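Okay, structure first, notes after.
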């Protein structure tokens, strides 16, 4: 996979990410299996652990990073911001088994059965931090 268009098409196929950028679970009616949306402020408390989980679970040391401004690159996991910083980001592993989406709605969307299972193990109170539409108002 060499370019943003190919990656976005594959993400759309597997995870129903919308083109040219974004992800349906926030606003769409479509339910996607193995996807949870968290309040970004709360999720930031476990970001350090998430990097280790991704590395260990998926045996990778880099991720694809797609930015809202069209920038597409491979980034070492240690260098991934894993947050919204004025631009929305999508991160995924080379096999697209997991996806992270950091949006301007103060939401962090996580997709992937194995990733979610590991997050639940280290973040026991995760269910108290699901994102709700009212959290961005």
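The values are calculated or read from the model by the stated rules, or taken from the named source; none is laboratory data. All values derive from a computational prediction rather than experimental measurement. FYI the Cβ positions are ideal-geometry reconstructions off the backbone, even for glycines, and counts take in every protein chain you see.
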Spot the failing condition for residue 89; the list is (1) within 12 Å of the chain's Cα centre (by Cα); (2) surrounded by fewer than 18 Cβ atoms within 10 Å (Cβ to Cβ); (3) free of Cβ contacts under 8 Å to residues at least 60 places away in the same chain, and only one is missed.
-> (2)
Out of the residues in region 61-71 that are crowded, with 17+ Cβ neighbours inside 10 Å and in contact (Cβ under 8 Å) with a residue 40 or more places away in the chain, state the one that is nearest to residue 98 (Cα to Cα).
-> 64
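For region 120-128, indicate whether the set of residues that are surrounded by 21 or more Cβ atoms within 10 Å (Cβ to Cβ) and either in contact with a helix residue (DSSP H, G or I) (Cβ under 9 Å, 6 or more places away or on another chain) or closer than 19 Å to residue 56 by Cα (or both) is non-empty. Outline the logic, then answer.
Here is the first cut: in region 120-128, the ones surrounded by 21 or more Cβ atoms within 10 Å (Cβ to Cβ) are none.
Taking every residue of region 120-128 in turn, none turns out to be surrounded by 21 or more Cβ atoms within 10 Å (Cβ to Cβ) and either in contact with a helix residue (DSSP H, G or I) (Cβ under 9 Å, 6 or more places away or on another chain) or closer than 19 Å to residue 56 by Cα (or both).
So which residues in region 92-114 are part of a helix (DSSP H, G or I) and either within 19 Å of residue 13 (Cβ to Cβ) or at pLDDT below 90 (or both)?
Initially, region 92-114 is screened for residues part of a helix (DSSP H, G or I), giving 113-114.
Passing the criteria: only 113.
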